[in-house]
Amino acid sequence: MSVRVRRVYESPEPDDGVRVLVDRLWPRGISKESAQVDEWPKAMTPSTELRRWYHAGEGSYEEFAGRYESELDAPEAAELLDHVRELAAKGTVTLLTAAKEPDTSHAAVLLRLLEERSA
């Protein structure tokens, strides 16, 4: 299984495989054509409330990650996560985010969960 995280603002690469936007909002300043997004599972992204809470600096990354994992247990989110896992079992999946620090974002949580549950 091959899953990786890239910023949506980086130019697409031939080895990106299926490009999955994992942000709830469309990234500013980039067209849908240039982003080359294959899938956009909004129900798998952090809730607006959680996103605002985290960006306001009210909690640690670890607390955010735990809350986000709880949100991913909801049926629709879990189904979408399983779908992305199935895509990754067939080939490369690139999780796209506009986050300035992808290593401390929801994309990193998704990457970890996809890697853990595929093993």
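Read the figures in this text as sums done on the coordinates, not as results from a lab. Bear in mind the structure is a predicted one, so any value in this text is a computation, not a measurement. No Cβ is skipped: glycine too gets one built from the backbone with ideal geometry, and neighbour counts run over all protein chains shown.
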What Kirkwood Rh does region 60-119 have if only Cα atoms enter the pairwise 1/r average? Answer in Å. 12.1 Å
Work out the FRET efficiency for residue 48 and residue 15 from their Cβ-Cβ distance, taking R0 = 30 Å, and round it to the nearest 0.05. 0.35
Here the gain from full extension of residue 112 to residue 24, 0.36 nm per residue of separation minus their alpha-carbon distance, amounts to 29.8 nm
Considering the Cα positions of region 1-57, please state its Rg to one decimal place and its Dmax as a whole number of Å. 12.6, 36
Along each of its three principal axes, how wide is the spread of alpha-carbon positions in region 2-118, in whole angstrom units, largest first? 38, 33, 22
Pairwise label distance in nanometres, residue 73 with residue 60, each label 7 Å out on the Cα-Cβ vector: 2.0 nm
